[in-house]
Amino acid sequence: MLQSLDFRSFILRARVLKLYRQALKITKRAPCDSKAELRNIIRQEFESQRNCSDKQRIRFLISDGLERLKRLDEMLDMQGH
């Protein structure tokens, strides 16, 4: 059952979902033979923190995720994808 969220929790959830969508979008640029594996890794990373309720920890994870996504994007650029 879906529980109601306070405004800050709602915003954090929206940021997490945005990060997830951005990560999946970047996988489209990955080489064909590694797209599925990359998607699975991203999904596992998000699933492993699914039950995290500490807002400070969630903000840290979002920040870390954005940084990792930036590095992945740069790596794909260097590879010409």
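The values are calculated or read from the model by the stated rules, or taken from the named source; none is laboratory data. What you are looking at is a predicted structure, and each value in this text was computed from that prediction instead of being measured. As a convention, Cβ positions derive from the backbone with ideal geometry for all residues, glycine included, and neighbour counts pool all protein chains shown.
Points worth noting:
- Given (1) of a type in the set (Lys, Arg); (2) in contact with a helix residue (DSSP H, G or I) (Cβ under 7 Å, 6 or more places away or on another chain); (3) not in a helix (DSSP H, G or I), index of the condition Arg39 fails: (3)
- For first residues located in segment 58-81 and under 16 Å from Ile42 (Cβ atoms) and in a helix (DSSP H, G or I), partners that are at pLDDT 95 or above and of a type in the set (Gly, Ala, Ser) and lie 6+ apart or on another chain with Cβ distances below 7 Å form the pairs Leu69/Ala23.
- Listed by first and then second residue, the pairs with beta-carbon distance under 7 Å, at least 6 apart or on different chains, first residue in segment 29-41 and more than 16 Å from Gln79 (Cα to Cα), second among the β-branched types (Val, Ile, Thr) and in a helix (DSSP H, G or I), are Arg39/Thr27.
- Restricting attention to segment 45-57, the residues being without any contact (Cβ under 8 Å) to a residue 24 or more places away in the chain and either part of a helix (DSSP H, G or I) or of a type in the set (Asp, Glu) (or both) number 6.
- Here Arg29 meets the list (1) of a type in the set (Lys, Arg); (2) more than 12 Å from the chain's Cα centre (by Cα); (3) part of a helix (DSSP H, G or I) almost entirely, failing just condition (3).
- Members of segment 1-54 that are surrounded by 13 or more Cβ atoms within 10 Å (Cβ to Cβ) and basic (Lys, Arg): Arg15, Arg29, Lys35, Arg39, Arg43
- The set of residues in segment 55-66 that are surrounded by 10 or more Cβ atoms within 10 Å (Cβ to Cβ) and of a type outside the set (Val, Ile, Thr) comprises Lys55, Arg57, Arg59, Phe60, Leu61, Ser63, Asp64, Gly65, Leu66.
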